[in-house]
Amino acid sequence: ACFRLLCSLLIPALFLSGILCVCLVVLLWGIRLWLQQRKKKLTSAGKDGKRPLLVAFFHPYCNAGGGGERVLWCAIRTLQKKYRNVTCVVYTGDRDATGEEIVEGAFRRFNIKLTHPVKFVFLEKRYLVEASLYPHFTLLGQSLGSVFLGWEALLKCVPDIYIDSMGYAFTLPLFKYLGGCRIGCYVHYPTISTDMLSVVRNQDTRFNNAAFITNNPLFSKFKLVYYYFFAFMYGLVGSCSDVIMVNSSWTLNHILSLWRAGACTSVVYPPCDVQTFLDIPLEEEKSTAEHCIVSVSQFRPEKDHPLQIRAFAKLLKEKRLGQQPSLKLILIGGCRNQQDEERVNNLKRLCEELAVSNNVMFRINVPFEELKRHLAEATIGLHTMWNEHFGIGVVECMAAGTVILAHNSGGPKLDIVVPYEGHITGFLAENEDSYAETMAYILSLSPDKRLEIRENARRSVHRFSDQHFEETFLLSVEPLFK
């Protein structure tokens, strides 16, 4: 009797599920056909009678002025130089600026001049991808929000080639299966990484893993299940790509393990403005009564400025035992909001506690010329972020002629502060003690030895120039244009 009851319920349920699946497939196919028809109506032929190839970049914050935006504008300029019958489109949420103002801003900030006009598609629902909207389950919330934002973008313009240049992987299946586009993406940082999974698994307290979770085994297990589910979904959507570009070996390792699409994945180093810094004359150190140690990074929690201050305090304590030149730590960085400003105030309090306030200088949102001057005068360039995905600031310090001391992880370890033609280009450290010891060692070197390291570092950074980016980017995206 029980078996008959199960059969009488199961067979209709399977039949109903089948009908629903068929209906869903038909609906999705219908939406795809409708979008294709819409595309034909909205795009007109050019002067030669051919319809231009639409290449769209999904970059909701294209007017932000960071390293990711430099990649975007260099990529567009590269495509405009190479392909004549291409119209570049940028999906953006920067509705407080006109297209002309955005292009002008790219020229002013990055000295990137585009050869042809760019079409901007302004999106109204950018608030859906802002982290502040999702105090809990932020990764999932932002990813679902990006799908709705992507749908708005697709309705406004259906491209031939879609490139996500800001890390919104959940938009990829939308454009591939409904928009019928060829798909590329440039990954600056994996939305979730195997490192993030290990932090939660090992119950480590970090800025993105609060103490109340690490102290509660149940919360930790729940967060781990959530992360594994999200990593599975992230891998699924990422594997929709036809071309995957990543900014470093560190990002490559994570994307290969999560997306499992090695055949179409390649490293394309971001274009750093190395020439501007290489133009700073590399002079032999003048006998000076002061050594400057400079840090260049935004005042965000992951940059770990407290580690810099504690290591510097330890260095000062040891240096005071002997008659050495005086030392100064200059923290240069951007403040985006009130939280960043509060972070700076906390760092100033830490300096007071460690009695190093007179030797530490904060320079907030400085003009570019002042940044160049500080780097030109500095002896050591300091970087302390754990698992920095690339590290443009590290490249800039090396190009400017400082002796770099970076964190022994991520991009700096795997790609940047590596031997060049068998010669040392800089130093790596992991904790307060090793940073203090390495700074002391760098300062103990003769000016000639430091000059040799600085020259090696300068020669090595040509790998991160605009020209090298253009060559590797074109090689990577070539399959999208066939």
State yes or no: is ALA406 touching a residue at least 12 places away in the same chain (Cβ under 8 Å), in the same structural domain as PHE312 (by the TED database), assigned to a helix (DSSP H, G or I) and not aromatic (Phe, Trp, Tyr)? no
If we scan the range 310-327, do we find a residue that is small (Gly, Ala, Ser), under 30 Å from ALA131 (Cα atoms) and open to solvent by less than 10 Å² (accessible area, probe 1.4 Å)?
no
When every residue in the range 71-87 that is part of a helix (DSSP H, G or I) and open to solvent by 20 Å² or more (accessible area, probe 1.4 Å) is compared, the one nearest to GLY334 (Cα to Cα) is ARG77
Original post:
Is it true that GLY411 is open to solvent by less than 10 Å² (accessible area, probe 1.4 Å) and of a type outside the set (Lys, Arg)?
Top reply: yes
Only one of (1) open to solvent by 20 Å² or more (accessible area, probe 1.4 Å); (2) farther than 27 Å from PHE390 by Cβ; (3) touching a Leu at 6+ places or on another chain (Cβ under 9 Å) does not apply to GLN142, and that is (2)
Filtering the range 37-70 for residues that are open to solvent by less than 50 Å² (accessible area, probe 1.4 Å), modelled with pLDDT under 80 and not in a loop (DSSP other than H, G, I, E, B) leaves a count of 1
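Okay, residues lined up against (1) closer than 25 Å to ILE416 by Cα; (2) of a type in the set (S, T, N, Q); (3) assigned by the TED database to the domain that holds LYS413; (4) without any contact (Cβ under 8 Å) to a residue 24 or more places away in the chain:
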site: ILE332; (1), (2), (3), (4): yes, no, yes, no
site: GLN339; (1), (2), (3), (4): no, yes, yes, yes
site: LEU347; (1), (2), (3), (4): no, no, yes, no
site: LEU375; (1), (2), (3), (4): yes, no, yes, no
site: GLU388; (1), (2), (3), (4): yes, no, yes, no
Across (1) surrounded by fewer than 23 Cβ atoms within 10 Å (Cβ to Cβ); (2) closer than 24 Å to GLN467 by Cβ, GLU124 clears everything bar (2)
Pairs returned, first residue in the range 8-35 that is touching a residue at least 24 places away in the same chain (Cβ under 8 Å), second residue that is loosely packed, with under 10 Cβ neighbours inside 10 Å, beta-carbon separation under 9 angstrom, 6 or more apart or interchain, are none
Checking THR92, THR138 in turn, the sole residue that is in contact with a helix residue (DSSP H, G or I) (Cβ under 9 Å, 6 or more places away or on another chain), without any contact (Cβ under 8 Å) to a residue 24 or more places away in the chain and β-branched (Val, Ile, Thr) turns out to be THR138
With criteria (1) open to solvent by 10 Å² or more (accessible area, probe 1.4 Å); (2) closer than 25 Å to PRO367 by Cβ, CYS264 comes up short on (2)
Heads up, the helices (runs of 4 or more DSSP H) in the range 411-482 (entirely inside) with at least 2 residues that are assigned by the TED database to the domain that holds ILE183 and either modelled with pLDDT of 95 or more or under 16 Å from ILE392 (Cα atoms) (or both) are 466-477
Note on LEU155: of the conditions (1) surrounded by fewer than 19 Cβ atoms within 10 Å (Cβ to Cβ); (2) assigned to a helix (DSSP H, G or I); (3) at pLDDT below 70, unmet is (3)
Open item on the list: Taking the criterion of being aliphatic (A, V, I, L, M), at pLDDT 95 or above and either outside the structural domain of HIS188 (by the TED database) or part of a loop (DSSP other than H, G, I, E, B) (or both), would at least one residue in the range 247-264 satisfy it?
Closed with: no
Of the conditions (1) buried (at least 16 other Cβ atoms within 10 Å of the Cβ); (2) in contact (Cβ under 8 Å) with a residue 40 or more places away in the chain; (3) more than 20 Å from CYS181 (Cα to Cα), the single one that TYR226 does not satisfy is (1)
Looking across the range 242-258 at residues that are open to solvent by less than 10 Å² (accessible area, probe 1.4 Å) and within 20 Å of TYR162 (Cα to Cα), the single one that is nearest to the chain's Cα centre (by Cα) is ASN247
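The values are calculated or read from the model by the stated rules, or taken from the named source; none is laboratory data. Predicted model only: the values in this text are computed from it and were never measured. Don't worry about glycine lacking a Cβ; one is built from the backbone with ideal geometry, like all the others, and counts go over all protein chains shown. In case anyone asks, the SASA skips ligands and DNA or RNA and just uses the protein heavy atoms, side chains included. Shrake-Rupley method; radii C 1.70, N 1.55, O 1.52, S 1.80 Å.
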